[in-house]
Amino acid sequence: MNDGAPATLRVAVLGCGVVGTEVVRRLLTNASELHARTGTGLELVGIGVRSTATPRDPVVPTELLTEDLHGLATSADIVIELMGGIEPARALVTGALAAGASVITANKALLAQHGPELYEAADAARVDLFYEAAVAGAVPVVRGVRESLAGDKITRVLGIVNGTTNYILDEMTSGGLDFEKALAQAQELGYAEADPTADVEGLDAAAKAAILASLAFHSRTSLDDVPVQGITSISPEDIASAAQTGHVIKLLAIAEQGTYDGVGGLAVRVHPALVPVEHPLASVRGPFNAVFVEAEAAGTLMFYGAGAGGEATSSAVLGDVVAAARHRVNGGKAPSESAHAALPPMPAQAVHTRYQMRLDVLDVPGVLAEIAAVVAAHGVSIETVRQGMRDPDEGAALVIVTHSASESALAATVADLDTLEVVERITSILRVEGT
């Protein structure tokens, strides 16, 4: 132990929901083990909550509950922020860092919006800011990207980072449920909140994508830089059509380098996509997360595991607590923000990928030729065309898969296809990833 290092570190927890309760439980029940791993005692000195009157799990000591969150956050050695949201979490984390506390947070929205100022505050105070639990629960992808791959060059990140949407899509695929029934089942099982908007609209995944992109490509990336499309429009017909072509549909967070107008940039996005059944991401079931990282020297790596829940998330939080405590005892500090590459965000329309379009068309001669001419006019190349599923009495259906094309070219193609008399309806457009 360094001279002057405290024999006991004061630990504060802000927020006592599902994750906070589990963190409190493990801090108390595993105290001796944590002491052995850190070289010092970890004393839980307070649990900051909005109301001390709210009924809680008996494991939570009522005498440690306090509504004075600012006072608690500025009087501890290690502060664990598990409140979520932007305010008052931002003010509390900023105050804790300024007061010299190391901070552990699971707050992806806060980091995606205000990460740079928090990293700078931690550096100025020469304390730690850890956030492993903010991206994929127990999956150690933050530490893997930030530290284990620090000497490599990452070229692409592709992953499932939201367990709620993965569960819903999995139930639609394996159980034949429609979106609403799958969502209701997820809510019954506790995988989805009463208000599931942040999950099903892709906002939660977008915040995580911004954090991962910032780490992997050494460039500041905010939530505003991430185009987002959720899963609410995915239909049973989309699921069935995907199966016919050997794919499953997953909500993916993607970050990769590209070029736009001759300048290198960073393309980050979240959207549902067709993934080939032979790709490892296709077999990620239920509420689990998996992140593929492609690097020049290491090749392709996959980080897989439980992405949510009190127990899984508390594992990541306590791992960060141990690291922060060791730094307090032995000296050292978590890696600072690395933003030297400063890659600008690429506009969404510049991103290239493959697409699958499903169209209801008239069953008359020359339909395919007319459609192919429109597609070619915008520089989009067709890879495959097949007959889709439709009642023959109603007309025909086509499923067209393109070669890689830009978002702008695809959008122009779709706009022109929609004006053709032979096209009755464009039923869906999905990107194809993982090939």
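The residues listed here are V293, V321, V284, V277; of these, the one that is farther than 30 Å from S174 by Cβ and in contact with a strand residue (DSSP E or B) (Cβ under 9 Å, 6 or more places away or on another chain) is V321. Candidates in region 175-193 are the residues that are part of a helix (DSSP H, G or I) and within 20 Å of the chain's Cα centre (by Cα); of these, the one that is farthest from I231 (Cα to Cα) is Q187.
The residue of region 234-280 that is most open to solvent (accessible area, probe 1.4 Å), among those that are in contact with a Phe, Trp or Tyr (Cβ under 7 Å, 6 or more places away or on another chain) and not in a loop (DSSP other than H, G, I, E, B), is Q257.
Residues that are more than 22 Å from E294 (Cα to Cα) and either assigned to a helix (DSSP H, G or I) or of a type in the set (D, E, K, R) (or both) within region 205-233 comprise L223, D224, listed in sequence order. In the set (1) in contact (Cβ under 8 Å) with a residue 40 or more places away in the chain; (2) out of contact with any Gly (no Cβ under 8 Å at 6 or more places or on another chain), L266 fails one condition alone, (2).
Picking from residues in region 324-346 that are open to solvent by less than 30 Å² (accessible area, probe 1.4 Å) and touching a Leu at 6+ places or on another chain (Cβ under 7 Å), the one that is farthest from R146 (Cα to Cα) is M346.
Taken across region 54-70, residues that are surrounded by 15 or more Cβ atoms within 10 Å (Cβ to Cβ), within 21 Å of V142 (Cα to Cα) and out of contact with any strand residue (DSSP E or B) (no Cβ under 7 Å at 6 or more places or on another chain) do not occur at all.
When region 1-33 is filtered for residues that are farther than 17 Å from A96 by Cβ, open to solvent by 70 Å² or more (accessible area, probe 1.4 Å) and modelled with pLDDT of 95 or more, the ones remaining, listed by number, are R25, R26, L28, T29, S32, E33. Of the strands (runs of 3 or more DSSP E) contained entirely in region 40-124, those carrying at least 1 residues that are farther than 15 Å from G20 by Cβ and modelled with pLDDT of 95 or more fall at 41-48, 102-105. Restricting attention to region 423-434 and to residues that are open to solvent by 20 Å² or more (accessible area, probe 1.4 Å) and aliphatic (A, V, I, L, M), the residue that is farthest from R390 (Cα to Cα) turns out to be I429. Among the conditions (1) at pLDDT 95 or above; (2) polar (S, T, N, Q); (3) open to solvent by less than 60 Å² (accessible area, probe 1.4 Å), the only one that S315 does not satisfy is (3).
With respect to R37, determine if the residue is of a type outside the set (V, I, T), touching a helix residue (DSSP H, G or I) at 6+ places or on another chain (Cβ under 6 Å), over 20 Å from L129 (Cα atoms) and assigned to a helix (DSSP H, G or I). It is false that R37 is of a type outside the set (V, I, T), touching a helix residue (DSSP H, G or I) at 6+ places or on another chain (Cβ under 6 Å), over 20 Å from L129 (Cα atoms) and assigned to a helix (DSSP H, G or I). Just one of the listed residues (M302, M357) is in a strand (DSSP E or B), in contact with a helix residue (DSSP H, G or I) (Cβ under 9 Å, 6 or more places away or on another chain) and closer than 16 Å to L212 by Cα, and it is M302. Here is the figure for region 362-400: residues that are open to solvent by less than 20 Å² (accessible area, probe 1.4 Å) and touching an Asp or Glu at 6+ places or on another chain (Cβ under 6 Å) total 3. Is at least one residue of region 154-174 part of a helix (DSSP H, G or I), modelled with pLDDT of 95 or more, touching a Phe, Trp or Tyr at 6+ places or on another chain (Cβ under 6 Å) and under 17 Å from I211 (Cα atoms)? For region 154-174, residues part of a helix (DSSP H, G or I), modelled with pLDDT of 95 or more, touching a Phe, Trp or Tyr at 6+ places or on another chain (Cβ under 6 Å) and under 17 Å from I211 (Cα atoms): absent. In the set L118, L92, L97, only one residue is more than 18 Å from H327 (Cβ to Cβ), buried (at least 18 other Cβ atoms within 10 Å of the Cβ) and touching a helix residue (DSSP H, G or I) at 6+ places or on another chain (Cβ under 7 Å); that residue is L92. Pairs linking a residue in region 272-295 that is touching a residue at least 40 places away in the same chain (Cβ under 8 Å) and more than 17 Å from T353 (Cα to Cα) to a residue that is in a loop (DSSP other than H, G, I, E, B) and open to solvent by 60 Å² or more (accessible area, probe 1.4 Å), with Cβ atoms under 7 Å and 6 or more positions apart or on different chains, are P287/Y191; P287/A308; A295/K153. Within region 217-229, one or more residues are open to solvent by 20 Å² or more (accessible area, probe 1.4 Å) and among the aliphatic types (A, V, I, L, M).
The values are calculated or read from the model by the stated rules, or taken from the named source; none is laboratory data. Keep in mind the model is a prediction, meaning the values are calculated, not measured. Note that we place each Cβ from the backbone using ideal geometry, even for glycine, and neighbour counts take in every protein chain shown. Accessible surface areas use protein heavy atoms only, side chains included; no ligands, DNA or RNA. Shrake-Rupley method; radii C 1.70, N 1.55, O 1.52, S 1.80 Å.
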